[in-house]
Amino acid sequence: MDNATSSSADATSLTWSHAVGTGSSRLLIVGVSVRDTTKGSATGVTYGGTSLTLIGRATNGTTVETTQWYLLNPTSGTANVVVTLSAAAKVVAGPSRLPG
């Protein structure tokens, strides 16, 4: 997996640098998992300041929340991915790699 990040301590956001290629059909997908959703949940993801769209959200009661976000044709080059949470919580996030 390309650059991913996590926080073992409670955090309100995560940031990492991510490179997007120059192909004509670009798609960026970011997965976010939050532990103990009574503390916080994912509220947004951006790439280079552009908001990604929520694909879906799944929860296991209040134990774990997983979300996926996408951006069609993100700007080629390197920019920061920023995950924002509603409140400080333990979180892990990273881009998904499609086969091919």
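If you filter the stretch 32-70 down to residues that are over 18 Å from Thr12 (Cα atoms) and β-branched (Val, Ile, Thr), you find that the one that is farthest from the chain's Cα centre (by Cα) is Thr59.
Of all the listed residues (Leu54, Leu98), the sole one being of a type in the set (A, V, I, L, M), at pLDDT below 90 and surrounded by fewer than 19 Cβ atoms within 10 Å (Cβ to Cβ) is Leu98. Residues that are surrounded by 14 or more Cβ atoms within 10 Å (Cβ to Cβ) and touching a Phe, Trp or Tyr at 6+ places or on another chain (Cβ under 9 Å) within the stretch 70-89 comprise Leu71, Pro74, Thr75, Ala79, Val81, Val82, Val83, listed in sequence order. Residues of the stretch 52-100 that are more than 29 Å from Thr22 (Cβ to Cβ) and not in a strand (DSSP E or B): Gly61, Thr62, Thr63.
Asp10 fulfils the conditions (1) farther than 18 Å from Pro95 by Cβ; (2) assigned to a loop (DSSP other than H, G, I, E, B) except for a single criterion, (2).
The values are calculated or read from the model by the stated rules, or taken from the named source; none is laboratory data. Only a predicted model underlies this, so the values are computations on that prediction, with no experimental measurement involved. Note that each Cβ is placed from the backbone with ideal geometry, even for glycine, and that neighbours are counted across all protein chains shown.
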